[in-house]
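Nothing in this text is a laboratory measurement; each read-out follows from the coordinates by a stated rule. All values derive from a computational prediction rather than experimental measurement. Cβ: placed from backbone, ideal geometry, glycine included. Neighbour counts: every protein chain shown.
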Ligand code: FES
Ligand code: MG
């Protein structure tokens with residue numbers, strides 16, 4: 001029965017290559033091999049599947065509480081078809097699934113938990129390569145982080161975006177519609193019934209947000225990093241071509257194992273610079289700043305906040321909401337990310353030689369990719385925004401940096417000086433923003449504290465705090481807002497985010513008083529609190545005396561004790577780095 005099984009699991013096979021990692025479980029004719037195989041056979045797996053075939057883990061974030069990933073069991077079946085066709089053995093396993101829409105206080109709180117789960121599941125199990133089934137915002141960075149800390153051959157398969165939302169005959173975008181209609185409701189332009197009536201039409205098929213929100217952004221990041229097959233980012237979830245891509249990805253991962261094409265060969269510094277430039281070209285989410293840093297940290301690539309300057313001169317070509325007009329379905333039909341990457345490459349804005357999971361370079365993959373619609377994917381001489389890359393801001397208010405997304409901001413507010421209206425917490429904001437007596441107008445700068453990684457906790461997407469009704473009623477739709485929070489990738493506005501250090505860490509943000517003057521100059525990368533150094537120091541000294549972070553126990557306490565600040569990617573300090581996938585000791 002055990003034709004090809006050898007006794008010595010460290011022996012080389014006939015081709016001179018090392019034996020498969022999984023052979024250290026299944027490849028020995030002894031008590032341990034018996035045990036590893038026997039229990040697996042309760043699933044009806046025939047003996048010959050344990051005899052030298054690559055075992056491919058399918059790391060699945062399926063969950064009905066992550067509605068964006070709820071179709072993943074069908075997707076996993078297509079990946080398995082491909083793996084089997086190529087001679088591999090698929091083994092699907094679940095990891096913590098953090099859905100953006102349901103999980104409180106924010107899915108970001110559990111990104112690192114999902115990454116830990118993924119890392120330990122990969123390393124501890126008999127797998128030679130892994131397919132990451134990801135979709136909703138945090139699932140993509142979490143699984144890439146965990147996989148990067150193991151560095152096996154790794155392939156990303158994304159679930160794909162929802163079809164265009166439809167409401168009263170119009171195309172409507174996930175999230176972006178909610179932000180806009182809620183402001184219209186607060187301004188008295190639509191009724192509550194009209195607002196609520198849009199729910200079902202906005203989300204009318206399986207898939208992730210159909211705007212260029214964080215999920216679509218991270219799908220584009222995965223593709224531009226080279227960790228997925230071309231077109232993975234944009235094919236709609238329910239388009240049959242998504243299933244073909246899943247099948248082809250399953251076939252390819254088996255070859256990647258034979259070629260020993262590990263994640264570290266793909267995730268190079270050049271790949272991250274390509275991703276930063278791609279983020280500018282797609283008008284991508286500010287959340288990518290945090291997630292790319294965290295992934296880079298896991299694989300051991302140097303990447304700093306200042307590296308986002310590589311994206312500053314890059315034009316935003318993709319005219320998708322929230323920055324522009326269209327949605328992901330339109331983006332795929334227009335040519336998808338390969339068409340964007342081709343245009344970037346033709347402008348000299350790509351590291352063309354970056355290796356991708358299909359064994360070809362990024363440029364090989366995209367150099368002949370057509371664009372079918374120059375409105376959706378603009379030409380470089382007719383961009384949506386000419387300098388679309390995320391701005392990094394520094395100054396006495398953000399010594400370790402803050403970010404702003406120009407493509408979602410108002411040009412007239414990119415340079416602004418205004419009086420601070422300060423909210424000590426998100427609850428404070430919610431209580432006072434509806435007060436008609438609140439001393440605020442459109443020239444003010446709204447400041448929100450204690451919404452950072454430790455403050456909220458989890459750094460919720462509350463930075464794009466809604467404007468006061470009395471300002472909205474004047475027809476004003478944007479004001480400068482500053483916080484240590486994040487913002488949904490589907491949101492818009494002149495919103496300064498990720499201020500580091502955060503207020504809870506007694507960054508200078510904590511010391512802003514009502515009525516202080518604040519200066520923003522996005523182009524110059526400056527964020528300044530107009531008080532003297534001595535005054536700032538005195539205020540922070542006073543706060544230090546009153547500072548306590550409550551002990552909560554549980555995961556929350558682990559999180560607060562170990563989470564890094566936004567400029568460092570909000571990973572846990574003890575999780576940074578690649579620990580490899582050496583096979584652990586036997587379990588029995
Ligand atoms: Fe899941 Fe937007 S809420 S992708
Ligand atoms: Mg989001």
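Can you name the residue in the stretch 255-270 that is touching a helix residue (DSSP H, G or I) at 6+ places or on another chain (Cβ under 6 Å) and surrounded by 23 or more Cβ atoms within 10 Å (Cβ to Cβ) and is also farthest from residue 79 (Cα to Cα) among such residues? Once the filter is applied, the top-ranked residue is 267.
If you go through the stretch 432-451 one residue at a time, do you hit one that is closer than 21 Å to residue 180 by Cα, touching a strand residue (DSSP E or B) at 6+ places or on another chain (Cβ under 7 Å), within 16 Å of ligand 2 (Cβ to nearest atom) and touching a residue at least 40 places away in the same chain (Cβ under 8 Å)? No, the stretch 432-451 contains no residue that is closer than 21 Å to residue 180 by Cα, touching a strand residue (DSSP E or B) at 6+ places or on another chain (Cβ under 7 Å), within 16 Å of ligand 2 (Cβ to nearest atom) and touching a residue at least 40 places away in the same chain (Cβ under 8 Å). Would a scan of the stretch 241-254 turn up a residue that is buried (at least 19 other Cβ atoms within 10 Å of the Cβ), outside any helix (DSSP H, G or I) and either more than 16 Å from ligand 2 (Cβ to nearest atom) or within 23 Å of the chain's Cα centre (by Cα) (or both)? So far as the stretch 241-254 goes, no, none of its residues is buried (at least 19 other Cβ atoms within 10 Å of the Cβ), outside any helix (DSSP H, G or I) and either more than 16 Å from ligand 2 (Cβ to nearest atom) or within 23 Å of the chain's Cα centre (by Cα) (or both).
Residues of the stretch 121-167 that are within 16 Å of ligand 2 (Cβ to nearest atom) and more than 22 Å from residue 288 (Cβ to Cβ): 165 alone.
Selection of the stretch 219-240 for residues being part of a loop (DSSP other than H, G, I, E, B) and at negative phi yields 227, 228, 229, 230, 232, 233, 234, 235, 236, 237, 238, 239. Across the stretch 545-560, the qualifying residues are those that are free of Cβ contacts under 8 Å to residues at least 40 places away in the same chain and closer than 17 Å to residue 506 by Cα, and the one among them that is nearest to the chain's Cα centre (by Cα) is 550. Close contacts from the stretch 280-308, counting a first residue that is touching a residue at least 24 places away in the same chain (Cβ under 8 Å) and at positive phi and a second that is part of a loop (DSSP other than H, G, I, E, B) and away from ligand 2 (no atom under 16 Å from the Cβ), with Cβ to Cβ under 7 Å and a gap of 6+ residues or different chains, come to 283/324; 283/384; 283/388; 300/577; 300/578. The sole residue among 216, 205 that is within 15 Å of ligand 1 (Cβ to nearest atom), on the phi < 0 side of the Ramachandran plot and in a loop (DSSP other than H, G, I, E, B) is 205. Entry remark, the stretch 67-108: residues being more than 17 Å from residue 135 (Cα to Cα) and touching a helix residue (DSSP H, G or I) at 6+ places or on another chain (Cβ under 9 Å) number 12 in total.
So how many residues does the stretch 71-120 have that are assigned to a loop (DSSP other than H, G, I, E, B) and within 16 Å of ligand 2 (Cβ to nearest atom)?
Adding up the residues that qualify gives 10.
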